[in-house]
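Comments concern the structure below.
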Amino acid sequence: MSFQPRLPRAASIVARAGLTLTVLGALTLVLSGAGSRWDWWDFRTGFVLFRLALYGGLVAIVITLAGLVLALLAWAGRTALLSLATLALLAAVAAVPVTHLRGAGRVPPSHDITTDLDDPPRFVAVQPRRQGAPNPAEHGGAALAARQREGYPDLGPARFSGPPDRVFARAVDVARGLGWEIVAAAPAEGRLEATDRTRWFGFRDDVVVRVRPDGAGSRVDVRSVSRVGRSDLGTNARRIRAFLEALRAALPGEAAATR
């Protein structure tokens, strides 16, 4: 008995199974972030769903490739196109976990980044919000500083020729423009505290901006600390850089060379 007549049907079944698994994986991936961001469940549940989506995607690739091979053997053009479309969808869905995994391998495992490793800006108003958070608000000291120097050797304070009060006012505007939730703004102390959320899981990270006199001008230091997670995948450093770049743009002609 020849199995050739059965190939088109088998190819169709396998191809549809790959598509179904891909769609389920995509929904799981979306839920992993949306559920954590909207507080439907604990972030750990979001991590579990994220991993399930990743593993499910790997299985979907194998099944879809098998469906494609069967379709080619059976000369089933429509089924082959379905498998190719599923592979394209898998590539699009995989962009999120692949980006996270690549980011994890490129940056040091740190959740606390600052432009001043000798005297990191301190949190005051944010402290009550961090109660119960796995990561402390206190800086990790020399070991943490060493990891940051290795991973972000270029990260440092920003200096401006303008007075601290004007720089501080612009810093508040920039923080609001970036979508940060302002927790406290103390111009007399040159201290701005805010909370920002990560793009995918919506994790709450806390930021403190410190503006001090620096000769005739001002020095701005920023510290960004994740409440959860051993590694921030580079999020805090990117946040600090984005803030300082926006602040320089808001104070044209006043940014001084870093020294």
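Annotations
- DSSP-assigned coil residues among GluC sites (Glu not before Pro) in the range 106-200, each with at most 12 further Cβ atoms within 10 Å: Glu138
- The chain: DSSP helices with Cα axial extent of at least 27 Å and average Kyte-Doolittle hydropathy no lower than -1.0: 7-37, 43-73, 77-106
- Projected label points at Glu138 and Arg238, each 7 Å from Cα along the beta carbon direction, are separated by 3.1 nanometres.
- Label-zone membership for the range 189-203, site Ala92, 7 angstrom Cα→C-beta point, backbone N under 20 Å: 200
- Computed over the chain: relative contact order in percent, which uses C-alpha pairs under 8 Å that are six or more apart: 21 percent
- The range 4-106 - Debye-derived log10 I(q)/I(0), Cα point model, q = 0.13, 0.17, 0.23, 0.24 Å⁻¹: -0.51, -0.74, -1.05, -1.11
- Sum of side-chain charges, Val225 neighbourhood, beta-carbon under 10 Å (Lys, Arg +1; Asp, Glu -1): -2
- Efficiency of FRET between Ala34 and Ser231 - r from beta-carbon atoms, R0 25 angstrom, step 0.05: 0.70
- Kirkwood Rh (inverse of mean 1/r, distinct Cα pairs), the chain, angstrom: 21.1 Å
- If R0 is 51 Å, the Cβ-Cβ spacing of Leu65 and Asp118 corresponds to a FRET efficiency of close to 0.40.
- Where labels lie 7 Å past Cα in the beta-carbon direction, separation of Arg197 and Thr20 in nm: 3.5 nm
- The sum of -39500 (n - 2.57) across all DSSP H runs of n ≥ 4, divided by the residue count of the chain, sets its helix-only mean residue ellipticity at 222 nm to -18000 deg cm²/dmol.
- The label-point distance for Phe47 and Gln127, in a model that sets each label 7 Å from Cα toward Cβ, rounds to 2.8 nm.
- For the chain, built as a Gaussian network whose Cα springs stay under 10 Å, the top-fluctuating residue of Ala145, Ala186, Ala137: Ala186
Only the coordinates and a few stated rules stand behind these numbers; no lab work does. Just so you know, these numbers come straight off a predicted model, no measurement behind them. Positions of Cβ are generated from backbone atoms using ideal geometry, with glycine treated the same way; all protein chains shown enter the neighbour counts.
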